[in-house]
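J.: Supplied in structure tokens, the structure appears directly below.
The values are calculated or read from the model by the stated rules, or taken from the named source; none is laboratory data. Treat the numbers as computed from the prediction; the structure is a model and nothing was measured. Neighbour counts are summed over all protein chains in view; Cβ atoms, including those assigned to glycine, are modelled from backbone coordinates with ideal geometry. Side chains are part of the model used for accessible areas, which takes the heavy atoms of the whole protein and leaves out ligands, DNA and RNA. Shrake-Rupley method; radii C 1.70, N 1.55, O 1.52, S 1.80 Å.
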Amino acid sequence: MHRKQQMNKEREEKDVAAGQIWAAYDDIEGLPRYYFKVKEIHSRDPFKANITWLELRNMSVEQRALKERGYHPVCGANFRGSSSQIVNSVDIFSHVINWEKGPKGTIKIYPTKGEVWAIYRGRKSGILSKRKTSSFTYDIVEIVGNYDEQTGVTVAYLVKLFHYKSVFKPSKVISSIPVEEFYSFSYQVPAHRLKENEAPGIEEGFWELDPASLPR
């Protein structure tokens, strides 16, 4: 299937706007788990914008342990701006992130119903014991229940269709991820929900995921 242009339409320079928060590709696996906020658009042609990178403050013990191994926390209620940078292209832009304002200028970023995320596989069996150079493996899930401060979120595991590179279908495996295990979320995957019969073998509820954001 050839939907790369549609899934990446937000990456056109004309659609970048001040106030947006975007995901950017990290320098370890090339996956979109860094965040920045667009502060100002200086010009469109040539493109020039001022961005501020976001960092999660007051991290949990688990999040801090992951960060020490080179992995960036992606969920929390206390993201704040750190360093600023001038960018001259949209190459680092992956997709726009949903977020909410928190107190005292903080930013809340949590998985939202209808999104697709990658989570660390084996999260309950010691992912934090891996060395920094170890390669993590992932499961792909759809967020099927809204975030709740007490109970977390509900996810449905997605299964890849063997004859497509980036098409996934829902499984019957449902799981709840409590707030204290939100370190399990690795990054959001840009995704497009397909319509029935949009391609051979496609049914309602199937997803096409951005190939650039799938685990290598």
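J.: Once you've got the Cα coordinates, tell me which of LYS37/LYS113; LYS14/LYS169; LYS104/LYS195; LYS48/LYS108; LYS48/LYS195; LYS108/LYS165 are over 31 Å apart.
T.: LYS14/LYS169; LYS104/LYS195; LYS48/LYS195; LYS108/LYS165
J.: While we're here: Would you rank THR137, THR112 by solvent-accessible area, highest first, keeping every protein chain in place and using a 1.4 Å probe?
T.: So the residues, ranked largest to smallest area, are THR137, THR112.
J.: Right, another one. Mark the label point 7 Å from the Cα of SER43 along Cα→Cβ and return the residues of segment 72-111 whose backbone N is within less than 17 Å of it.
T.: Label zone hits: 86-90.
J.: For the chain, count all C-alpha to C-alpha pairs, find those more than 25 Å apart, and express that count as a whole percent of the total.
T.: 41 percent
J.: With labels modelled as points extended 7 Å from the Cα through the Cβ direction, what inter-label distance (nm, one decimal) is found for ASN58 paired with SER89?
T.: The answer from the label model is 3.9 nm.
J.: Another question, if that's okay. Just the number, please: carbon plus sulfur as a percent of the accessible area of the chain, 1.4 Å probe, no ligands or DNA/RNA counted.
T.: With neighbouring chains kept in place, the figure for the chain is 48 percent.
J.: Right, here's the next one. Mind listing the long-range amide H neighbours of ARG33? Cut-off is under 5 Å, sequence gap 5 or more, other chains count too, H placed in the peptide plane at 1.01 Å from N.
T.: Residues meeting the criterion, in which the H sits 1.01 Å from N, are ALA24, ASP26.
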